[in-house]
Structure formats: C-alpha cells, structure tokens
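Everything on this sheet refers to the single structure shown next.
The values are calculated or read from the model by the stated rules, or taken from the named source; none is laboratory data. For clarity, every value in this text was computed on a predicted model and none was experimentally measured. Using ideal geometry, Cβ is built from the backbone for each residue, glycine included, and neighbour counts are taken over all protein chains shown. Note: accessible area is taken over every heavy atom of the protein model, side chains too, but ligands, DNA and RNA are not part of it. Shrake-Rupley method; radii C 1.70, N 1.55, O 1.52, S 1.80 Å.
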Amino acid sequence: MDNLLGAMADDLVSQMDAVSWAEREFGHKLDSWQRDIMSGTHNKEILNIHRQAGKSTTAALVALHQKETPGSLILLVSPSQRQSSELLHTVTIINGGKGVLNESALRMEFDNGSRILSLPGGERTIRGYAGVDLIVLDEASRIEDELYYTIRPMIAVSGGRLLAMSTPFGKRGWFWKEWNEGLGWRRHQVVAWDCPRISKEFLEEERQTLGPLWFAQEYECAFLDEQANLFGIESIKGIIDDEVEVWDL
C-alpha cells in the first residue's frame with residue numbers, strides 16, 4: 001500500500017514539475033539549457049543553439065509534456081514535411097506508445113483528446129488551425145518569412161506557446177530579425193564548446209575541416225552575412241572613406 005501511495009505521489013510531482021517529468025521520460029539528466037526550456041513558462045522562446053545539441057529531443061519533450069493537458073493541439077513545423085515528420089518520429093520514440101489512440105507519420109492522437117501534428121513548410125497548406133497550445137518551429141532559420149507570419153496568429157486567442165529553435169543561417173529572414181530586435185521573446189544561446197557530449201578534439205577537427213565561417217555558424221551560433229555575399233557588410237564598410245571627394249561625372 002505504501003509503495004502504491006509513493007508511486008502515486010511521484011506521478012503527481014512529475015506532472016507538476018516538467019523537469020522531473022522530462023528526466024524520468026528521457027532517462028538521462030538534461031543539460032542546464034534543456035532544463036531551462038522545460039521549466040519555462042514564457043509563451044515565446046527563441047533558441048540559437050549549435051548542431052547536435054539535443055534540440056529535437058528537447059522539442060519532443062516539450063510537446064509531450066504539453067499533451068498531458070487534455071485536449072491540447074501541438075503543431076510541429078519545419079522547412080519541409082520530411083523534417084517535420086522526423087521530429088514527430090522523435091516524439092513517437094520517446095513517448096513509447098503511451099496513451100496513443102491513432103498514430104501515423106503525420107499525426108499522433110491521444111486518449112485525453114490531445115493531438116500532435118507534423119506540418120509541411122508551405123504557407124498555403126498550413127492555414128486553418130486555431131486555438132493552438134504549442135507551436136514548435138524546427139530549423140527555424142530556414143523557415144520562410146511567409147510561413148512564420150502565417151503561424152503567429154494561431155496562438156492569438158489561445159495564448160499558446162511558440163518555441164523557435166535553430167542554428168543561424170546568415171543575417172537574413174525573420175529568425176535573424178526576431179533574435180536581434182523581436183518583441184516579447186525569451187532568448188537562449190548555447191555554443192558547442194559548452195556541450196558535455198562533444199569533445200574539444202572533435203570541435204578542433206571540425207574547425208579545420210569546415211573553415212572558420214561554417215564552423216562559427218554551425219557550432220558557435222554566429223549570424224554571418226558572409227554566407228550570402230562575396231564580401232561581408234563589415235568588409236564593405238571598411239573600404240569606404242567618407243573623406244574621399246566624389247567626382248561629378
């Protein structure tokens with residue numbers, strides 16, 4: 001009897017504490033930034049985080065914790081349907097079939113009325129959802145501006161949560177703009193040097209292989225205008241001399 005009561009108490013605590021719940025489901029201790037995301041109550045969070053940091057796992061755990069609230073609608077959005085389906089696959093693996101009524105490569109429906117849907121990266125095909133409780137934008141820097149602007153109104157009435165996560169992709173697009181000057185965002189940045197699962201030797205090899213620009217973008221979360229231009233903005237500014245007389249031709 002005592003064991004049963006103890007188990008019930010543990011379940012209740014886990015439901016109230018998202019971090020405890022996630023660590024129990026995941027089976028490992030989460031990184032500090034992952035714990036921060038799981039315990040966060042802010043409705044708009046943007047993550048500028050290096051490759052292979054565990055973004056997909058974190059997003060999956062956030063989605064699964066949200067589905068514990070009956071009747072929740074959770075949308076997983078990526079630049080392509082394939083990527084969204086891969087994220088849903090991660091959700092499926094972590095969930096392990098718990099409470100699932102119907103399941104496919106595109107959706108999960110649970111016995112408490114909650115749904116998790118993976119959606120394509122097209123503005124025209126994603127309209128029509130309302131009252132969304134959680135939207136996860138994966139590889140967000142590659143998501144087109146039009147799609148992002150279409151998504152935002154979906155949480156206008158529900159007050160749902162928007163979680164955008166990505167490595168940078170140059171000084172362009174809504175992800176760059178929101179990271180620098182967007183209103184209402186809680187920002188998180190994690191570079192690969194702080195990841196306990198990636199060795200310093202591997203990172204040094206990657207730096208030499210990829211070169212400084214790609215390494216800075218993929219592992220150090222740098223927004224680089226050089227990715228889109230032959231010469232970066234700062235390089236161009238550096239060769240301009242305001243004192244030179246302009247010829248009138």
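Each row is one residue, and each column tells you yes or no for (1) farther than 29 Å from K29 by Cβ; (2) of a type outside the set (S, T, Y).
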{"site": "S141", "(1), (2)": "no, no"}
{"site": "E146", "(1), (2)": "yes, yes"}
{"site": "M154", "(1), (2)": "yes, yes"}
{"site": "G184", "(1), (2)": "yes, yes"}
{"site": "R187", "(1), (2)": "no, yes"}
{"site": "F202", "(1), (2)": "no, yes"}
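Scanning the stretch 84-101 for residues that are of a type in the set (A, V, I, L, M, F, W, C), surrounded by 14 or more Cβ atoms within 10 Å (Cβ to Cβ) and more than 17 Å from S72 (Cα to Cα) yields L87, I94.
Quick check on the stretch 95-105. Is at least one of its residues within 25 Å of P168 (Cβ to Cβ), of a type in the set (A, V, I, L, M), at pLDDT 90 or above and in contact with a strand residue (DSSP E or B) (Cβ under 6 Å, 6 or more places away or on another chain)?
Checked the stretch 95-105: no residue is within 25 Å of P168 (Cβ to Cβ), of a type in the set (A, V, I, L, M), at pLDDT 90 or above and in contact with a strand residue (DSSP E or B) (Cβ under 6 Å, 6 or more places away or on another chain).
Scanning the stretch 94-107 for residues that are in contact (Cβ under 8 Å) with a residue 12 or more places away in the chain and touching a helix residue (DSSP H, G or I) at 6+ places or on another chain (Cβ under 9 Å) turns up I94, N95, A105, L106, R107.
State yes or no: is L76 open to solvent by less than 10 Å² (accessible area, probe 1.4 Å) and either part of a strand (DSSP E or B) or at pLDDT 90 or above (or both)? In short, yes. Please indicate, with yes or no, whether at least one residue in the stretch 117-124 is closer than 24 Å to H42 by Cβ and of a type in the set (A, V, I, L, M). The answer is yes; a qualifying residue exists. Of the numbered criteria (1) among the small types (G, A, S); (2) at pLDDT 90 or above; (3) within 26 Å of G184 (Cβ to Cβ); (4) not in a loop (DSSP other than H, G, I, E, B), the one G71 fails is (4). State yes or no: is A63 in contact with a helix residue (DSSP H, G or I) (Cβ under 9 Å, 6 or more places away or on another chain), aliphatic (A, V, I, L, M) and either closer than 27 Å to F223 by Cβ or in a helix (DSSP H, G or I) (or both)? Answer is yes for this residue.
In the stretch 48-93, which residues are in contact (Cβ under 8 Å) with a residue 60 or more places away in the chain and of a type in the set (A, V, I, L, M)? Matches in the stretch 48-93: I49, A53, A59, V62, A63, L73, I74, L75, L76, V77. Residues in the stretch 42-80 that are of a type in the set (S, T, Y) and in contact with a strand residue (DSSP E or B) (Cβ under 9 Å, 6 or more places away or on another chain): 4 in all.
Can you tell me which residue is least open to solvent (accessible area, probe 1.4 Å) among those in the stretch 24-61 that are of a type outside the set (K, R) and touching a Leu at 6+ places or on another chain (Cβ under 6 Å)?
The extreme case among them is E45.
Beta carbons closer than 6 Å, at least 6 apart along the sequence or on distinct chains, pair a first residue in the stretch 179-204 that is more than 16 Å from P168 (Cβ to Cβ) and β-branched (V, I, T) with a second that is open to solvent by less than 100 Å² (accessible area, probe 1.4 Å) and outside any strand (DSSP E or B) for I198/A192.
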